[in-house]
Amino acid sequence: MFDLNGKSVVVTGATKGIGYGIAEVFAVAGANVAVVARTAEEVASAAGKLDACGPGRTLGVCADIADPESCRAMSAEVVAAFGGIDVLCSNAGIMPQAPLATMTAADLAAVLDVNLAGTIFAVQACLAPLTACGAGRIVLTSSITGPITGYPGWSHYGASKAAQLGFMRTAALELAPRKITINAILPGNILTEGLAEMGEQYLAGRAAAIPAGTLGSPADIGHLAAFLASWEAGYITGQAIAVDGGQTLPESFDAVRPAE
Ligand code: NAP
């Protein structure tokens with residue numbers, strides 16, 4: 001089951017954090033993985049590390065998903081190298097904070113350009129090869145923030161992540177005749193390099209709000225992405241699945257750790 005050996009997989013935002021974790025799971029499973037991000041040295045470094053993870057090939061591609069032309073060039077480069085695209089993990093995103101009272105039009109545009117428009121551009125650019133493969137898979141990285149929860153300073157980010165789901169549902173209908181599925185993962189608090197920099201006290205506070213008692217790992221997201229990308233998940237489309245250790249379930253603090 002879940003044979004991803006030899007599949008051609010594009011992961012945007014794969015140089016670090018959740019994207020790297022997703023790319024690593026696919027590389028270990030034997031897929032050919034294209035690592036996409038904007039920073040050339042980080043793309044080369046991540047692709048080099050991933051190359052040693054499995055029998056498949058790794059390709060580093062510099063692209064800005066907020067630019068449709070850059071997305072088209074990225075897709076063409078992957079097809080030229082791997083012969084096609086079976087799976088797109090549209091994961092790249094940015095999370096700057098901006099309180100509503102002081103948020104500028106530029107703050108809002110920056111987040112929507114990458115998180116929402118960038119998702120749509122990446123999907124559009126990969127549509128032809130995903131259709132050609134006969135069982136294309138698209139996995140979006142959304143968030144619990146927006147679709148389920150809120151967090152002060154992230155109203156624009158939450159809006160972008162909820163909007164990804166609105167896009168996904170209609171895309172699922174349009175892509176079903178092409179035998180392409182599209183689903184979204186909603187990560188909770190995942191221990192990425194960025195979050196680790198916040199310090200032990202911050203991380204302990206975050207973990208205390210999670211019924212599972214710990215933050216998630218990038219691989220936790222990668223494992224669901226791998227399942228949704230598999231042949232076996234072919235009847236699942238247009239769905240949003242939280243991977244959050246139960247973080248979005250408690251009604252109140254005392255429900256996080258109920259007394260025995
Ligand atoms: P991260 O560590 O900051 O990594 C972001 C990645 O995206 C980097 O590889 C970055 O490389 C790339 N990227 C950013 N803008 C890009 C653009 N315009 N074009 C191409 N690549 C771009 O982020 P993360 O925390 O792993 O988050 C990844 C995704 O998960 C995001 O969509 C985020 O909203 C979502 N998420 C994260 C968490 C969490 O706990 N971390 C929780 C819920 C959802 P360059 O900057 O070099 O391009």
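The values are calculated or read from the model by the stated rules, or taken from the named source; none is laboratory data. Predicted model only: the values in this text are computed from it and were never measured. Virtual Cβ from ideal backbone geometry, glycine too; neighbours counted across all protein chains shown. Side chains included, ligands, DNA and RNA excluded: accessible areas come from the protein's heavy atoms. Shrake-Rupley method; radii C 1.70, N 1.55, O 1.52, S 1.80 Å.
Scanning the range 14-67 for residues that are surrounded by 17 or more Cβ atoms within 10 Å (Cβ to Cβ), more than 13 Å from the ligand (Cβ to nearest atom) and not in a helix (DSSP H, G or I) gives Ala29, Ala31, Asn32, Val33, Cys53, Gly54, Gly56, Arg57, Thr58, Leu59. Filtered by the rule that a residue be more than 12 Å from the ligand (Cβ to nearest atom), in contact with a strand residue (DSSP E or B) (Cβ under 6 Å, 6 or more places away or on another chain) and either within 16 Å of Gln97 (Cβ to Cβ) or basic (Lys, Arg) (or both), the range 137-151 gives a lone residue, Arg137. Based on what the data block shows, is Gly134 in contact (Cβ under 8 Å) with a residue 24 or more places away in the chain, part of a strand (DSSP E or B) and either of a type outside the set (Ser, Thr, Tyr) or open to solvent by 40 Å² or more (accessible area, probe 1.4 Å) (or both)? No, not satisfied. Among what's in the range 179-214 and is among the hydroxyl-bearing types (Ser, Thr, Tyr) and within 15 Å of the ligand (Cβ to nearest atom), pick the residue that is most open to solvent (accessible area, probe 1.4 Å). Looking at the filtered set, the residue picked out is Thr214.
Entry remark, the range 76-90: residues being of a type outside the set (S, T, N, Q), open to solvent by less than 10 Å² (accessible area, probe 1.4 Å) and within 17 Å of the chain's Cα centre (by Cα) number 4 in total.
A Cβ distance below 6 Å, combined with a sequence gap of six or more or placement on separate chains, defines the contacts here; from the range 57-72, residues that are in contact (Cβ under 8 Å) with a residue 24 or more places away in the chain and more than 20 Å from Val28 (Cβ to Cβ) reach residues that are open to solvent by 30 Å² or more (accessible area, probe 1.4 Å) and of a type in the set (A, V, I, L, M) in the pairs Cys62/Ala40. Going by the conditions given, is Arg169 away from the ligand (no atom under 13 Å from the Cβ), charged (D, E, K, R), out of contact with any helix residue (DSSP H, G or I) (no Cβ under 9 Å at 6 or more places or on another chain) and at pLDDT 95 or above? So Arg169 passes the test. Per the listing Ala40, Ala132, the residue uniquely over 30 Å from Pro152 (Cα atoms) and in contact with a Cys (Cβ under 8 Å, 6 or more places away or on another chain) is Ala40. If the condition is being farther than 13 Å from Leu116 by Cβ and surrounded by 14 or more Cβ atoms within 10 Å (Cβ to Cβ), then the range 148-178 contributes Ile148, Thr149, Tyr151, Gly153, Trp154, Ser155, Arg169, Ala172, Leu175, Arg178. On inspection, Leu116 passes the criterion of being assigned to a helix (DSSP H, G or I), touching a helix residue (DSSP H, G or I) at 6+ places or on another chain (Cβ under 6 Å) and within 14 Å of the ligand (Cβ to nearest atom).
Do we have Thr104 as on the phi < 0 side of the Ramachandran plot, in contact with a helix residue (DSSP H, G or I) (Cβ under 6 Å, 6 or more places away or on another chain) and β-branched (Val, Ile, Thr) here? Walk me through how you get there before you give the answer.
Working: on the phi < 0 side of the Ramachandran plot: yes; in contact with a helix residue (DSSP H, G or I) (Cβ under 6 Å, 6 or more places away or on another chain): no; β-branched (Val, Ile, Thr): yes.
So Thr104 does not fit the description; no.
Selection over the range 68-111 of residues that are aliphatic (A, V, I, L, M) and either within 12 Å of the ligand (Cβ to nearest atom) or in a loop (DSSP other than H, G, I, E, B) (or both) gives a count of 11.
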